[in-house]
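Only one structure is covered here, and it is reproduced in the block below.
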Amino acid sequence: MRGTGCMECNDSGYRGRVGIFEVLPVNADLRDVLLTTPTEGEVTKVAVAMAMVTMRAAGIAKARRGETTYEEVLRVN
């Protein structure tokens, strides 16, 4: 998917903005890690076990749906 540009978007290929988010809900397992061993590695391990969607993965999903481009996801992430 690649933006073609037009007069409305000033030939940028983009119109408006779309948010890409990384959300990590705090459950009992994560709460325990945050209270006992709050290192990046431990938090990441729990987040992966919880199947958290990373910001890059969320951006790629939006690119697949045509909401943004792969180039833009890689540029900002």
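Just need the relative contact order of the range 12-68 here, percent rounded to a whole number, with Cα pairs under 8 Å and 6+ apart.
47
Against the longest principal axis of the chain, how steep is helix 40-49, in degrees 0 to 90 to the nearest 10, with axes from Cα atoms?
So the inclination is approximately 80 degrees.
Could you tell me how many degrees, from 0 to 90 and to the nearest 10, lie between the Cα long axis of helix 55-64 and the main elongation axis, the longest principal axis, of the Cα atoms of the chain?
40
Per DSSP H run of at least 4 residues, take -39500 (n - 2.57); add these up for the chain, divide by its residues and hand me the 222 nm value, nearest 500 deg cm²/dmol.
After summing the helix terms and dividing by residue count, I get -13000 deg cm²/dmol.
Could you work out how much longer the chain between Glu8 and Arg65 gets when fully extended? Use 0.36 nm per residue separation minus the Cα distance between them, nm to one decimal.
Gain on stretching Glu8 to Arg65: 18.4 nm.
All of the numbers you see were taken from the coordinates with simple rules; none came from a lab. Note that the structure is a prediction, hence the values are computed from the model and not measured.
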